[in-house]
Each structure stands twice: as C-alpha cells, then as structure tokens.
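One structure is given here, and the rest of the page talks about it.
The values are calculated or read from the model by the stated rules, or taken from the named source; none is laboratory data. Here the structure is a predicted model, which is why all the values come from computation and not from measurement. Note that we place each Cβ from the backbone using ideal geometry, even for glycine, and neighbour counts take in every protein chain shown. Calculation scope for accessible area: heavy atoms of the full protein, side chains included, ligands and nucleic acids excluded. Shrake-Rupley method; radii C 1.70, N 1.55, O 1.52, S 1.80 Å.
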Amino acid sequence: MARVVSVNISEKKGEQKHPVPEIRLKLRHGIIGDAHAGDWHRQVSLLAEESVDTMRRPDLPLFPGAFAENIDTEGICLQTLPLGTCLRIGDTVVEVTQIGKECPGDCAIRKAAGTCVMPTEGIFAVVRREGTVRPGDLISILEG
C-alpha cells in the first residue's frame, strides 16, 4: 500500500526543503508556506523513497527534502504515472502535470554523486482538492 513518508517545505527559493509535521494544500496555489507555491503547473513535487534509495551511500547523506521534493512516498512508482493521473493523498487530490525536470547544473546532489534522480523520477502536480497531508497518509490512484 502506498503512503506518505515525509512532507517538506522551504520558505525561500534556492534552499533545500525540510520536514514539517503536515502541509496544507490550497487550490490554485499549492502548499501554503512553501516558496514554490503559486498558480502554475508545478504546485507540489513528489519523489519516491525507492528512487532516493538508489542514490544512498555512506558518503552521501540524503534526508527528506534533499531533492527539493514536497512529498516523499513509498509503495508507488511515480515516474510511470501518465500525465493527468489523479492521486488521493490523505484527504487531498492532486493531478500529475509533469514527470521530471531539469535540475540546475550546480545542484549539490549532482555535484556530490554525479547524477540525480529528480530529473527522471520526480513528478509534479496541481491541487484538485484542498486539505492536509501528513506522514503516514495513504496514497491511491483515482480511476478516471
């Protein structure tokens, strides 16, 4: 069963995100208090722990939010979801709008590891139903 592992925000752009007890999703905005919120197609970012695990090594500590993701998940293969897929996360609903992204060339993880999973395995979504997301919340794919 898919679930939320961590929820993360950053108050300023250019900073790594840090875990918080919960995030509040708002229509046409994204995550209240997150620097990347706004009325655009990348309101919420998600990354699977399974993807992060492929990069873990003793000399590269990877904590929640290290890839600038808002929601860390487990038990769901995010990068295989088609655009337009809706996910119920806790009492919220988000719609997948983008798979992957180009990372800045000076990304700390890319510098340290030589690669990064966010460009190919992270996903982005817009809020379709407002609410609160917390670690432990279940994630399900809504059938269209």
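With the condition kept exactly as written, say whether any residue in region 58-70 is closer than 18 Å to ILE139 by Cα, open to solvent by less than 10 Å² (accessible area, probe 1.4 Å) and not basic (Lys, Arg). Yes; the residues of region 58-70 include at least one that is closer than 18 Å to ILE139 by Cα, open to solvent by less than 10 Å² (accessible area, probe 1.4 Å) and not basic (Lys, Arg).
For region 45-103, what are the residues that are in a helix (DSSP H, G or I) and in contact (Cβ under 8 Å) with a residue 40 or more places away in the chain? Outline the logic, then answer.
Filtering region 45-103 down to residues in a helix (DSSP H, G or I) leaves 49-53, 78-80.
Those that are in a helix (DSSP H, G or I) and in contact (Cβ under 8 Å) with a residue 40 or more places away in the chain: GLU49, SER51, VAL52, LEU78, GLN79.
Give the residues of region 44-90 that are touching a Lys or Arg at 6+ places or on another chain (Cβ under 7 Å) and hydrophobic (A, V, I, L, M, F, W, C), sorted by residue number. Passing the criteria: LEU62, ALA68, CYS86. Name the single residue, out of those in region 15-39 being free of Cβ contacts under 8 Å to residues at least 24 places away in the same chain and on the phi < 0 side of the Ramachandran plot, that is surrounded by the fewest Cβ atoms within 10 Å (Cβ to Cβ). The qualifying residue surrounded by the fewest Cβ atoms within 10 Å (Cβ to Cβ) is ASP39.
Would you tally the residues in region 40-57 being open to solvent by 10 Å² or more (accessible area, probe 1.4 Å) and either of a type in the set (Ser, Thr, Tyr) or farther than 20 Å from PRO135 by Cβ (or both)? Walk me through how you get there before you give the answer.
Within region 40-57, the subset open to solvent by 10 Å² or more (accessible area, probe 1.4 Å) is 40-42, 49-50, 53-57.
Remaining after also requiring either of a type in the set (Ser, Thr, Tyr) or farther than 20 Å from PRO135 by Cβ (or both): 40-42, 54-55, 57.
Residues in region 40-57 being open to solvent by 10 Å² or more (accessible area, probe 1.4 Å) and either of a type in the set (Ser, Thr, Tyr) or farther than 20 Å from PRO135 by Cβ (or both): 6 in total.
Quick one: which of LEU62, LEU46, LEU78 is at pLDDT below 95, closer than 23 Å to THR120 by Cβ and aliphatic (A, V, I, L, M)?
Numbers: LEU46 fails: at pLDDT below 95; LEU78 fails: at pLDDT below 95.
Of the residues listed, the single one that is at pLDDT below 95, closer than 23 Å to THR120 by Cβ and aliphatic (A, V, I, L, M) is LEU62.
Modelled with pLDDT of 95 or more, under 28 Å from MET1 (Cβ atoms) and open to solvent by less than 20 Å² (accessible area, probe 1.4 Å), is that true of THR73? So THR73 fits the description; yes.
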